[in-house]
Amino acid sequence: MRFAASKGFWAEKLGVGDFYYELAVQIVEVCLSTNHINGGVMTVDELRNRLMRSRSTSKREAIS
């Protein structure tokens, strides 16, 4: 599932760059994908692990 919102709109309104916008979208996607398991709520460590796994398959930047 991909959100089709305009990056420019949110970047302008929230003052965030493309990296943080994309990270926020990925976080929402992870939470939505686990909604049936945990209600979309998880620890930051679990979220980070899931993001790292999804990024390793798509060869994106690592999250530190």
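In this simple spin-label model, placing a label point 7 Å from the Cα along the Cα-to-Cβ direction at both E22 and N38 gives a separation of 2.4 nm. The order of the peptides 23-29, 35-41 by mean Cβ neighbours within 10 Å, most packed first, is 23-29, 35-41. The coefficient of translational diffusion for segment 16-58, derived via Stokes-Einstein from the alpha carbon Kirkwood radius under 20 °C and 1.002 mPa s, stands at 200 µm²/s.
No lab work stands behind these numbers, since they all come straight from the coordinates. In this text, all values refer to a predicted model and were calculated from it rather than measured experimentally. Note that we place each Cβ from the backbone using ideal geometry, even for glycine, and neighbour counts take in every protein chain shown.
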